[in-house]
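Taken together, the values in this text are just the output of simple stated rules run on the coordinates, not laboratory data. Quick caveat, the model's predicted, so the values are computed rather than measured. Quick reminder, even Gly has a Cβ in these numbers, built from the backbone with ideal geometry, and neighbours come from all protein chains shown.
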Amino acid sequence: MDKALHFGGYAPLGIFFFRTFSSLPMAISTRRAMVIGMIASVLYGISDEIHQHYVPSRNADIFDGVADGLGSIFGIFLYEYGWVKRKRKGEISR
């Protein structure tokens with residue numbers, strides 16, 4: 001259950017990172033924004049697990065980090081290919 005919470009919690013974080021990088025004033029491709037968003041959110045998850053190692057009441061778990069990374073990657077793909085592409089095609093109305 002703990003891993004599902006990590007996965008679900010990091011999916012929106014991945015989306016936020018992706019949207020941030022895709023809205024920068026410099027012109028970067030959607031694919032590049034996706035990759036940079038994935039890298040940023042995975043690194044954030046890893047840094048969070050490292051931080052938890054040093055907090056007395058918490059513990060670091062490599063599988064939590066994996067769930068964080070997979071959740072953020074899933075969130076980015078779900079947002080881009082499940083929502084944005086369908087909206088561009090007109091399948092989803094406001």
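In this simple spin-label approximation, D2 and H51 carry label points 7 Å from Cα along the Cα→Cβ vector, and these lie 1.8 nm apart. Normalising the average separation of contacting C-alpha pairs (under 8 angstrom, six or more residues apart) by the number of residues puts the relative contact order of the chain at 40 percent.
Identify the chymotrypsin sites (Phe, Trp or Tyr not before Pro) of the chain meeting these criteria: DSSP loop state and at most 12 other C-beta atoms within 10 Å of the C-beta.
Numbers: sites: F7, Y10, F16, F17, F18, F21, Y44, Y54, F63, F74, F77, Y79, Y81, W83; in loops: Y54.
Answer in residue order: Y54.
According to the Cα-based calculation, Rg over Rh for the chain is 1.07, with Rh computed by the Kirkwood formula.
Using R₀ = 35 Å, calculate the FRET efficiency as 1/(1 + (r/R₀)^6) where r is the Cβ-Cβ separation of D61 and I39; round to 0.05.
0.95
Charged side chains reduced to their Cβ positions (Lys and Arg at +1, Asp and Glu at -1) give the chain a dipole of some 780 debye around its Cα centre. In this simple spin-label model, placing a label point 7 Å from the Cα along the Cα-to-Cβ direction at both K89 and A27 gives a separation of 2.7 nm. Projecting the Cα atoms of I15, H53, A27 onto the charge dipole of the stretch 10-66 (Cβ charges, centred on the Cα centre) puts A27 farthest toward the positive pole. Under a 5 Å amide H cut-off, with hydrogens placed 1.01 Å from N, A60 pairs with H53 among residues at least 5 apart or on other chains.
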